[in-house]
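Okay, so here's the structure we're looking at.
Please treat every number below as a calculation from the coordinates, not as lab data. Worth saying up front: this structure is predicted, and the values here are computed from it rather than measured.
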Amino acid sequence: MQVTDLADRSRIWIYQADRLMSEHEVNEITRLGQNFILEWSAHGAALKSVCEVRYGYFLMLTVDDNQAMASGCSIDASMHFVKGLEKKFQIDFFNRMNVAYKSGGVIKLLKMSEFEDALQAGTLASNTIVFNNLVSTVGEFKSNWEVAVSHSWHAQLLPA
């Protein structure tokens, strides 16, 4: 099952890696994620959920709220899971100061300040595709995750 197979109102958490994961890492993280979601629960109720890695950079956890809603404890458990992955694979999933964008179909990462400088210099433009990891539902993910700078929160970095 993929993230997009869940209902649009399902919750999603997107964690962006600070580097491209190897194929082995993606496979291992996917396997560990499948094991995690089999045990993931809220107040004793199993959560209908999906763990997916996209493009070698993005770890996604989703919960279908139609079956059972994620609780504070279950969200804490997911954070603990991701922190464990960070330690095991030496990947930072919580650095929100990196911006992922597409250039010629290839995903690249820049520090926020470097991304802003590239926009100001015209090296990157308002139509550059960025990843809006702030989306919180599968519906938002489908329509607003891969978007042009001008249609995301990144627009505030565009030159006046």
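General remarks:
- The C-alpha atoms of the chain define a longest principal axis, and helix 23-39 lies at about 40 degrees to it.
- Estimated 222 nm signal from helices in the chain, with DSSP H stretches of n ≥ 4 weighted -39500 (n - 2.57), rounded to 500: -10500 deg cm²/dmol
- Seen against the Cα atoms of the chain and their longest principal axis, helix 112-121 is set at about 30 degrees.
- Helix 72-89 and the longest principal axis of the Cα set of the chain meet at an angle near 60°.
- For L124, the residues 5 or more places off, or on other chains, whose built amide H falls under 5 Å of its own are L119.
- Counting only lysines at least 8 places from K88 when in the same chain, those with an alpha carbon closer than 28 Å to its own are K48, K102, K108, K111.
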